[in-house]
Structures are given as structure tokens and as C-alpha cells.
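Remarks on the structure that follows.
The values are calculated or read from the model by the stated rules, or taken from the named source; none is laboratory data. Everything numeric in this text was worked out from a predicted model, so none of it was measured. When we count neighbours, we look across all protein chains shown, and the Cβ atoms used for this are built from the backbone with ideal geometry, even at glycine.
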Amino acid sequence: MDYDGEGLDESQLPAAPLELIEAWVREARERQNAQGDVPEPEAISIATADAAGAPVSTVTSTLLIRGEEA
């Protein structure tokens, strides 16, 4: 499975993250429907990083994002 992505540019991020998360989930669902290679399009892993971009801890949380469309 390929986990490479396009990356993020902090200057283009919205003030509130929900808008961005909704877009990611929508894109993942669309890709799953088109290509079938995103088996859990509502699953999102969250981790933290320091100012240099290094992980602060190795613990991540995986959330299932479900809405009216799910």
C-alpha cells in the first residue's frame, strides 16, 4: 500500500481543522469508490510532532470519522 501523499503547506491550512478533515474523508471515499484501494476511508491516524517535524511520541490514535453520508 502506498502511503505517500501531497504534503501540507501550513500557510494554506484553514483555521479550524474540521473543513480539512471532511475534505480528506471525502477524497478517500471517492478514491475507494473509483479504485478500491482505500479499505477504510473513514479511518484517520493522528500523531504529534515537534517544531522540527520529528514525532514527539510513537503513539498514534486512529479515529473513525462517520457522518450522515457514511
Could you list, in sequence order, the residues of the range 38-70 that are modelled with pLDDT of 85 or more and either surrounded by 10 or more Cβ atoms within 10 Å (Cβ to Cβ) or touching a Leu at 6+ places or on another chain (Cβ under 6 Å) (or both)?
VAL38, GLU40, PRO41, GLU42, ALA43
Inspect all residues belonging to the range 22-36 and state whether any of them is in a loop (DSSP other than H, G, I, E, B) and at pLDDT 90 or above.
yes
Cross-chain or 6+ apart pairs with Cβ under 9 Å, the range 34-56 first and free of Cβ contacts under 8 Å to residues at least 12 places away in the same chain, then surrounded by 10 or more Cβ atoms within 10 Å (Cβ to Cβ) and of a type in the set (A, V, I, L, M):
VAL38/ALA28; PRO55/ALA47; PRO55/ALA49; VAL56/ALA47; VAL56/ALA49
